[in-house]
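The values are calculated or read from the model by the stated rules, or taken from the named source; none is laboratory data. On a predicted model such as this, the values are computed, not experimentally measured, just so you know. Cβ coordinates were reconstructed from backbone atoms using ideal geometry, including for glycine residues, and neighbour counts include every protein chain displayed.
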Amino acid sequence: MPCMTDLMVSLPPNQHLAAPGKWPVVGEKAARDDSSPWTVQVTGLVRSPQIFTLADLHALPQTEQVVDIHCVTRWSRLGVRFRGVALSELLSRCDPLPEAQFISLVARSERNHSTSLLLADALNLGTLIALWHEGEPLEPIHGGPVRTVTPGRYFYKSLKWLERIELLAEDRLGYWEAEAGYHNHADPWHEERYIAPDVSPADLKRLLQEKNISGRDLRGVRVEGRNLAGLVAVNALLRDAHLENTDLTGADFTGANLSNAHLQGAVLTGAKFTNADVEGAAFEGAILTDADFTGASLFGTTGLGTLMLGATAE
């Protein structure tokens, strides 16, 4: 039997082991009150949309996995045994279209809560449509009769009470990501808990509503696809920030650090980057009409094209 020191080595940063035999309950405690037979619908960008009953799922080839559970609230359970249908097995019966890049998983819950993953990640990580836990049917309080289990991600990416799977061309943020501010990638080994690791979800939501993040440390923040026109970000720390496809019309990044930021497809009409550090930032597909890069440090940027010829690179 491994000693406690050995177990601790297996824990991601700032996680602790749940009490032996305990599986804490986080979020809703029961599925939506619905007397209709339980089914799992596969829809979206598939050639053969299908509806699977529980009997159908139990009749498919079964896979057993031993996984570590890491909850974003900082508890972990190691070596947990689940059995069910591999996501890859299920989707093989629905024939995903080439343009399917994301997977949205929707629960039979009062708020129809959901989560999403890159389809490639969901498959490569070995996502399981789980029906059994430690040799017993999955308990309703823990997501039974059917839930998803995605190894290698915080457990909010493993959805309780699975009712619908939808394949999409573009990402659709789930409940925890869009409403609670949890990180969309959710890698526990990189401690990707929140879209801005040093700011609470409530504070970040307020800052974005006010459109003023001047002087704030939001390194690695993920706010892709939002309307942040007129954002004031003077002297903000936005290194490695994900701002893809974001409307940043008229944004003021004077003196900000945007090194290695992701600005692909962003609308940056009239944006000010005066004396900003944008070294290594990616601008492919961005709209840069009347953007001001006076005094900006542009070494290693991509996607600026001829704009770099008229800007100061330090």
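Descriptive notes on the structure:
- Flag for Pro37 being under 27 Å from Glu192 (Cβ atoms) and either among the basic types (Lys, Arg) or assigned to a loop (DSSP other than H, G, I, E, B) (or both): no
- Residue within region 165-172 that is over 19 Å from Asn112 (Cβ atoms) and touching a helix residue (DSSP H, G or I) at 6+ places or on another chain (Cβ under 7 Å) present: no
- Residue within region 53-75 that is at pLDDT below 95, over 16 Å from Lys160 (Cβ atoms) and outside any strand (DSSP E or B) present: yes
- Taking the criterion of being closer than 14 Å to Arg147 by Cα and more than 23 Å from the chain's Cα centre (by Cα), the residues of region 33-55 that qualify are Trp38, Thr39, Phe52, Thr53, Leu54.
- Considering region 182-211, the residues that are touching a residue at least 24 places away in the same chain (Cβ under 8 Å), among the hydrophobic types (A, V, I, L, M, F, W, C) and assigned to a loop (DSSP other than H, G, I, E, B) include one that is nearest to Gly27 (Cα to Cα), namely Ala186.
- Residue that is surrounded by the most Cβ atoms within 10 Å (Cβ to Cβ) [pool: residues in region 87-121 that are in contact with a helix residue (DSSP H, G or I) (Cβ under 9 Å, 6 or more places away or on another chain), in a loop (DSSP other than H, G, I, E, B) and of a type outside the set (Gly, Ala, Ser)]: His113
- Qualifying position, being in contact with a helix residue (DSSP H, G or I) (Cβ under 6 Å, 6 or more places away or on another chain), more than 22 Å from Asp33 (Cβ to Cβ) and not hydrophobic (A, V, I, L, M, F, W, C), among Thr127, Thr73: Thr127
- Flag if Ile141 is closer than 21 Å to Gly27 by Cα and either more than 20 Å from the chain's Cα centre (by Cα) or not in a loop (DSSP other than H, G, I, E, B) (or both): yes
- Of all the criteria given as (1) touching a residue at least 60 places away in the same chain (Cβ under 8 Å); (2) surrounded by 21 or more Cβ atoms within 10 Å (Cβ to Cβ); (3) under 11 Å from the mean Cα position of the chain (by Cα); (4) farther than 22 Å from Ala31 by Cβ, the one not satisfied by Tyr154 is (4).
- Among the residues of region 228-258, those that are in a strand (DSSP E or B) and either outside the structural domain of Asp290 (by TED's automatic domain parsing) or at pLDDT 95 or above (or both) comprise Val232, Asp247, Asp252.
- Some residue of region 111-130 being more than 24 Å from Pro188 (Cβ to Cβ) and either among the polar types (S, T, N, Q) or more than 22 Å from the chain's Cα centre (by Cα) (or both): yes
- Of the criteria (1) basic (Lys, Arg); (2) at pLDDT below 90; (3) in contact with a Pro (Cβ under 8 Å, 6 or more places away or on another chain); (4) surrounded by 20 or more Cβ atoms within 10 Å (Cβ to Cβ), which one Arg222 fails: (3)
- Here is the figure for region 202-217: residues that are within 17 Å of the chain's Cα centre (by Cα) and crowded, with 18+ Cβ neighbours inside 10 Å total 1.
- Residue check for Asn184: closer than 27 Å to Ala100 by Cβ and touching a helix residue (DSSP H, G or I) at 6+ places or on another chain (Cβ under 8 Å): yes
- Per the conditions (1) of a type in the set (D, E, K, R); (2) over 24 Å from Ala30 (Cβ atoms); (3) part of a strand (DSSP E or B), the sole criterion not satisfied by Arg81 is (2).
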